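Below is one structure, written out as structure tokens; comments come after it.
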Amino acid sequence: MTTTQPVRSKIQVQLLAAYYLKSGEIRNYVLIILGLYTALRSSDILRLQWDDVYDFENERVKADICIYECKTGKSKIIALNKTAIGALTLHAAGNVRRGAYILENTKTLKAISRIQAYRIIRAAGEALGLERNISCHALRKTFGYHAWRDGAKPVVLMDIFNHSSYEVTKRYLGITQDDKNDVYLGLSFN
């Protein structure tokens, strides 16, 4: 069995993020954006409701999400960046209502299933020729990999992921020999 890996190329991440936006499938676009920009597990993303992210009084997306993670039961506050806020704002038009799931199955009015979320992400990955092990969890790992590459401290990522050990976080980051080589070759004391 192979392990899901992060999407390492920023260009591929951008293509993945825009895949469903181009076709007008905004719900699917939001799924990928939330996966890439919140580092939440799919189980937590799928149970998000508009009440969690939308300020009904001021008719706008909130600046952050406060949730209890399914797996850990821990409280977590996640700041939403402009990309996530933009995606949610786009999706809110005509879809926002109290008690409704953000990623709603329009037939059942419940959240889409984990299998459906996997299929959505997998279809985009296959269409773009990405690694064959792309999945919901790959989005979470992609967040960690690129945050680390952009200078986030591993201890902060460990806390964001709610990992109990650095070893787990290290595996999530998917560090390759090329990443190590970049450190060796990029160091200069001049």
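The values are calculated or read from the model by the stated rules, or taken from the named source; none is laboratory data. Here the structure is a predicted model, which means the values were calculated and not measured. Cβ sites come from the backbone with ideal geometry, for glycine too, and all protein chains shown count toward neighbours.
Between 61, 96, 13, 30, which is surrounded by 15 or more Cβ atoms within 10 Å (Cβ to Cβ), farther than 20 Å from residue 158 by Cβ, modelled with pLDDT of 95 or more and touching an Asp or Glu at 6+ places or on another chain (Cβ under 8 Å)?
The match here is 61.
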* In the range 57-115, residue farthest from residue 43 (Cα to Cα) [restricted to those that are assigned to a helix (DSSP H, G or I) and touching a Ser or Thr at 6+ places or on another chain (Cβ under 9 Å)] -> 84
* Which pairs do you get when a residue that is surrounded by fewer than 21 Cβ atoms within 10 Å (Cβ to Cβ), found in the range 112-129, comes within reach of a residue that is at pLDDT below 95 and part of a helix (DSSP H, G or I), reach meaning Cβ atoms under 6 angstrom, with the pair 6+ apart or on two chains? -> 118/136
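Could you list, in sequence order, all residues of the range 64-93 that are basic (Lys, Arg) and either more than 17 Å from the chain's Cα centre (by Cα) or surrounded by 12 or more Cβ atoms within 10 Å (Cβ to Cβ) (or both)? Talk me through it step by step, then tell me what you get.
Keep residues of the range 64-93 that are basic (Lys, Arg), which gives 71, 74, 76, 82.
Selection gives 74, 76.
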* If you scan the range 64-93, which residues turn out to be within 18 Å of residue 159 (Cβ to Cβ) and either charged (D, E, K, R) or touching a residue at least 60 places away in the same chain (Cβ under 8 Å) (or both)? -> 64, 69, 71, 72, 74, 76
* Lone unmet requirement of (1) touching a helix residue (DSSP H, G or I) at 6+ places or on another chain (Cβ under 9 Å); (2) more than 30 Å from residue 173 (Cα to Cα); (3) among the hydrophobic types (A, V, I, L, M, F, W, C) for residue 33 -> (2)
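Only residues that are assigned to a loop (DSSP other than H, G, I, E, B) and more than 14 Å from the chain's Cα centre (by Cα): list them for the range 129-148, please.
Taking the range 129-148 first, the residues assigned to a loop (DSSP other than H, G, I, E, B) are 129-135.
Within the range 129-148, 129, 130, 131, 132, 133 qualify.
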* Say we look at the range 33-58 and pick out the residues that are of a type in the set (Phe, Trp, Tyr) and farther than 13 Å from residue 85 by Cβ; which of these is surrounded by the most Cβ atoms within 10 Å (Cβ to Cβ)? -> 50
* Asked: Which ones in the range 149-174 are out of contact with any strand residue (DSSP E or B) (no Cβ under 8 Å at 6 or more places or on another chain), in contact (Cβ under 8 Å) with a residue 24 or more places away in the chain and part of a loop (DSSP other than H, G, I, E, B)?
  -> 174
* To do: Could you tell me whether any residue of the range 160-176 is modelled with pLDDT of 95 or more, among the aromatic types (Phe, Trp, Tyr), within 20 Å of residue 5 (Cβ to Cβ) and surrounded by 12 or more Cβ atoms within 10 Å (Cβ to Cβ)?
  => no
